[in-house]
Amino acid sequence: MPFPDSTTAHYWYRDGDDDRQRRAVDVLQAFRLYRAAELAMRRRTRESMSMGENELLVLRYLLKAQGEGRLVSPSELARYLAVSTASTTAIIDRLEKSGHIVRQPHPTDRRSIHVIATEKSDHEVRDTLGPMHARMMEAVRDMTPEESRAVIECLSRLQDAVDQVAPHE
């Protein structure tokens, strides 16, 4: 479904008379609207769970690692978040205080610890995000193989395009 302003120039894209240009602008605009909706959902989720972005990222990372049977150290979390060890310690402290994670001695290295998400965290994340994930699955479940392939290929090309943005020096 074209957007109401699909025949006019968008902020980033030159106006074009050809159909390919208009379709491309419509697709990119649809992705922008989806990303804006997803960012708003993430903000609402963080607010409902009384957490910051990094706290929620840590929980997701820990729950995934636990599902894979992996132990996670605080230094691994610091690398994952690309923050200092001091910032990581503060995040871990907040999550431990709220009952979302626990620190445990490493089973084979008594000098180190690992961090695990609590059962409370697992339930809270599932209760908060489960219905949304079900709605998302329902939205794409009936796509044809061709539609699925087209979306996946498009997202892959877009990922390649944004991955080429050079880091700020």
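The values are calculated or read from the model by the stated rules, or taken from the named source; none is laboratory data. Given the structure is predicted, the values throughout are model-derived calculations rather than measurements. We place every Cβ from the backbone using ideal geometry, glycine too, and count neighbours over all the protein chains shown. Accessible surface is based on the protein model in full, side chains and every heavy atom, while ligands, DNA and RNA are left aside. Shrake-Rupley method; radii C 1.70, N 1.55, O 1.52, S 1.80 Å.
What the table shows:
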read-out	value
Lone unmet requirement of (1) in a loop (DSSP other than H, G, I, E, B); (2) of a type outside the set (Ser, Thr, Tyr); (3) at pLDDT 95 or above for Glu96	(1)
Hey, Leu62 modelled with pLDDT under 95 and either surrounded by 16 or more Cβ atoms within 10 Å (Cβ to Cβ) or closer than 30 Å to Pro167 by Cβ (or both) or not	no
Scan of segment 58-78 for residues that are under 17 Å from the mean Cα position of the chain (by Cα) and under 17 Å from Lys97 (Cα atoms), ordered by number	Val58, Leu59, Leu62
Single residue of Val140, Val151, Val125, Val162 found to be in a helix (DSSP H, G or I) and touching a residue at least 60 places away in the same chain (Cβ under 8 Å)	Val125
Selected residue (only one of Glu38, Glu53 is open to solvent by 50 Å² or more (accessible area, probe 1.4 Å), in contact with a helix residue (DSSP H, G or I) (Cβ under 7 Å, 6 or more places away or on another chain) and either closer than 16 Å to Ile116 by Cα or without any contact (Cβ under 8 Å) to a residue 40 or more places away in the chain (or both))	Glu53
All positions within segment 117-169 that are of a type in the set (D, E, K, R), open to solvent by 60 Å² or more (accessible area, probe 1.4 Å) and within 25 Å of Ala40 (Cα to Cα)	Lys120, Arg126, Asp127, Arg135, Glu138, Arg141, Arg157, Asp160, Asp163
Of residues in segment 88-116 being under 13 Å from Asn54 (Cβ atoms) and in contact (Cβ under 8 Å) with a residue 12 or more places away in the chain, the one most open to solvent (accessible area, probe 1.4 Å)	Arg94
Unmet criterion (only one of (1) over 26 Å from Ala37 (Cβ atoms); (2) at pLDDT 95 or above) for Glu119	(2)
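Here is a yes/no grid of residues against (1) surrounded by fewer than 11 Cβ atoms within 10 Å (Cβ to Cβ); (2) modelled with pLDDT under 90; (3) among the basic types (Lys, Arg); (4) more than 13 Å from the chain's Cα centre (by Cα):
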position	(1), (2), (3), (4)
Pro4	yes, yes, no, yes
Ala9	no, yes, no, yes
Gln21	no, yes, no, yes
Arg42	no, yes, yes, no
Glu47	yes, yes, no, yes
